[in-house]
Amino acid sequence: MSLPIAPKNSPRRFQQASWDEPIVFELSTPGERGIAIIPVEPAVRAAVGDVVAALPEGMRRPAAPALPEIAQMRVLKHYLRLSQENLGSDLNVDIGQGTCTIKYSPKINDQLIEVPQLRALHPAQDPADTQGALEMIWRLERLMAEISGMDSVSLASPGGSAGIWTNVAMIRAYHESRGEGEQRDEIITTIFSHPSNAAAAKVAGYKIITVYPDADGYPDLAALKAALSERTAAIMVTNPEDTGIYNPAIKEWVDAAHAVGALASYDQANAAGILGITRARDAGFDVCQFNLHKTFAAPHGSGGPGAAANAVSAALAPFLPGQRVEQVDGRFVVREPGALSIGHVAPAHGVILHVVRAYAWIMSLGAEGMLTASQIAVLNNNYLMKKVLEIPGASAPYAVGRRRIEQVRYSWQELFEDTGISSEEIGIRMADYGFHYWTSHHPYIVPQPFTLEPTECYSKAELDEYVAALAQVAQEARDNPELVRTAPHNQTVHHTHHDDLDDPERWAITWRAYRRKYFGEIPADAVAQRTPVGAAAS
């Protein structure tokens, strides 16, 4: 090395760590322990007796659970190595997961959830001993009511799609309570709303009607009015949509739904750019849900656990799920679901750790801070869009030339026609530069799509670095398409094919499933688990 050190290039060089790490079960050594547990004192053992013998026979394990036996130091190395083989928001510019916002999760909030008073709580604990946690739930519900403009809130739903399911369940219960449950069997959504709206409604038994954009790229109001009828239970829409386009006629959509007796449900998964700017109730919506794990900076969890806040108008309040926390004479009490409630959608009060994180995030920013966060998210997104659209071959279909809110669904269609390189191949090559990149939900409506969502968390320098990598890969597609087609080259693994992912016969989700499917092994403790309680093992 010579001095002075030269400036780093952008995009910077990157090589993912690769440890060829065994899975934790393969590291198991019989008898090895992470913690040496102090033996029970003889006097205590004599006084208590054989507690296992007091259990019903059907509940006793014939063998110890087949857990890995491994020392603490080896466990630490194992998981640190695995963490080095991943991309993530704590290491990379993680803006490539549009519609699934990856915000920075403040580390001080992680310290808050680690306090023993919270960690030691039990859902069945006497409310007299959990006043602090109940007060936090009560206060967060009121904050979410203010943010949405709604009258009542439940924090019971344990995820974003679970929150949408809760919305559907309340919509169904509402119409059933009015004797219109069978009549109203249709749900209307838009093609660029989050697909969980259609999925949850379908699972609930509704016929799904999907509205496509009009000639200008906006949700088609005329098509909505043509689809509405006395059979419509609700419209369920995301706004801004997954394209980042905000429906300027959203009030007219809601009014049109109400005109036929339908409800209006607002999926606020994409609310990161509109906090403090517009509210669901102000547009007339009856029900909405926020994702605490996206908009309010709780960790996303890559599929869970998340948490949702379901907010409703006064007319729908009796249908809210789960236990309700009320303040009575300065104390907080827990009420079981009422007669019209859809019941429990998750144990106890939902994901309490995310409740604490979201409450801390809101209280630290305040109303003015949340508005600023939304404004920066919109500014970042539109700066990023300008830079991306300067790359030859990139475009932003629908509402061409218009601004977006907090994300954009772009297209590489022109680049694909020029080079034969697909958006998925570009995404894999981006990993060689240390960046995550996502295409779109299926089926692809936008051809050769990619969806970026920078949020308020990233600096201009980080956005420039991401765009520089994107431009580099696009240029490689033109100059050396084979380099892109055979990527990744700097990653933990090389190119994988979808064959294994598309064939359930090859799936093995757990180590036990893998051993059972490919080696025919059935662990002794699994045999015990299959034996019904109270039944004699054969």
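The values are calculated or read from the model by the stated rules, or taken from the named source; none is laboratory data. Predicted model, so just to flag it, every value in this text is computed and none were measured. Don't worry about glycine lacking a Cβ; one is built from the backbone with ideal geometry, like all the others, and counts go over all protein chains shown. Accessible surface areas use protein heavy atoms only, side chains included; no ligands, DNA or RNA. Shrake-Rupley method; radii C 1.70, N 1.55, O 1.52, S 1.80 Å.
Data for the structure
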{"quantity": "Matching residues, the range 479-498, being more than 23 Å from GLU85 (Cα to Cα) and either without any contact (Cβ under 8 Å) to a residue 40 or more places away in the chain or of a type in the set (Asp, Glu) (or both)", "calculated": "ASP479, ASN480, GLU482"}
{"quantity": "Qualifying residue in the range 447-456 (condition: under 16 Å from LEU379 (Cβ atoms), surrounded by fewer than 16 Cβ atoms within 10 Å (Cβ to Cβ) and either in contact with a helix residue (DSSP H, G or I) (Cβ under 8 Å, 6 or more places away or on another chain) or at pLDDT below 95 (or both))", "calculated": "no"}
{"quantity": "Qualifying positions in the range 295-313 - in contact (Cβ under 8 Å) with a residue 24 or more places away in the chain and more than 16 Å from TYR266 (Cα to Cα)", "calculated": "PHE296, ALA297, ALA298, PRO299, HIS300, GLY304, PRO305, GLY306, ALA307"}
{"quantity": "Residues satisfying the stated conditions in the range 42-57, i.e. surrounded by 11 or more Cβ atoms within 10 Å (Cβ to Cβ) and out of contact with any Gly (no Cβ under 9 Å at 6 or more places or on another chain)", "calculated": "ARG45, LEU55"}
{"quantity": "Selection count where residues are within 17 Å of ALA222 (Cα to Cα) and surrounded by 24 or more Cβ atoms within 10 Å (Cβ to Cβ), scope the range 251-263", "calculated": "3"}
{"quantity": "Candidates SER148, SER152, SER177, SER105, filtered to the one that is among the polar types (S, T, N, Q), in contact with a strand residue (DSSP E or B) (Cβ under 6 Å, 6 or more places away or on another chain) and surrounded by fewer than 24 Cβ atoms within 10 Å (Cβ to Cβ)", "calculated": "SER152"}
{"quantity": "Where a residue in the range 360-372 is at negative phi and part of a helix (DSSP H, G or I) and its partner, wherever it lies, is open to solvent by less than 60 Å² (accessible area, probe 1.4 Å) and of a type in the set (Gly, Ala, Ser), with Cβ under 7 Å and at least six apart", "calculated": "TRP361/ALA297; LEU365/ALA373"}
{"quantity": "When residues of the range 501-535 are limited to those that are touching a Pro at 6+ places or on another chain (Cβ under 8 Å) and of a type in the set (A, V, I, L, M, F, W, C), the one modelled with the lowest pLDDT", "calculated": "VAL533"}
{"quantity": "The range 10-41, residues that are under 29 Å from LEU82 (Cβ atoms) and open to solvent by 100 Å² or more (accessible area, probe 1.4 Å)", "calculated": "ARG12, ARG13, GLN15, TRP19, ASP20, GLU26, PRO30, ARG33, ILE35, ILE37"}
{"quantity": "Candidate set: the range 184-242, residues that are assigned to a strand (DSSP E or B) and of a type in the set (D, E, K, R); chosen: the one most open to solvent (accessible area, probe 1.4 Å)", "calculated": "LYS207"}
{"quantity": "Filter result for ALA269 (open to solvent by less than 10 Å² (accessible area, probe 1.4 Å), of a type in the set (Gly, Ala, Ser), in a loop (DSSP other than H, G, I, E, B) and touching a residue at least 40 places away in the same chain (Cβ under 8 Å))", "calculated": "yes"}
{"quantity": "From the options ARG74, ARG60, ARG81, residue that is open to solvent by 60 Å² or more (accessible area, probe 1.4 Å) and in contact with a Leu (Cβ under 7 Å, 6 or more places away or on another chain)", "calculated": "ARG74"}
{"quantity": "Meets criteria (modelled with pLDDT under 95 and over 23 Å from the mean Cα position of the chain (by Cα)) for GLY304", "calculated": "no"}
{"quantity": "Any helices (runs of 4 or more DSSP H) falling wholly within the range 84-179 and containing at least 1 residues that are under 30 Å from ALA17 (Cβ atoms), in contact (Cβ under 8 Å) with a residue 60 or more places away in the chain and of a type in the set (Val, Ile, Thr)", "calculated": "107-113"}
{"quantity": "Where a residue in the range 45-59 is modelled with pLDDT under 90 and its partner, wherever it lies, is not in a loop (DSSP other than H, G, I, E, B), with Cβ under 6 Å and at least six apart", "calculated": "none"}
{"quantity": "Index of the failed condition, PHE435 passing every other in (1) open to solvent by 40 Å² or more (accessible area, probe 1.4 Å); (2) in contact with a helix residue (DSSP H, G or I) (Cβ under 9 Å, 6 or more places away or on another chain); (3) of a type in the set (A, V, I, L, M, F, W, C)", "calculated": "(1)"}
{"quantity": "Restricting the range 74-92 to residues that are in contact with a helix residue (DSSP H, G or I) (Cβ under 8 Å, 6 or more places away or on another chain) and modelled with pLDDT of 90 or more, the residue that is nearest to ARG13 (Cα to Cα)", "calculated": "HIS78"}
{"quantity": "So TYR246, is it aromatic (Phe, Trp, Tyr), open to solvent by less than 10 Å² (accessible area, probe 1.4 Å) and under 26 Å from LEU143 (Cβ atoms)", "calculated": "no"}
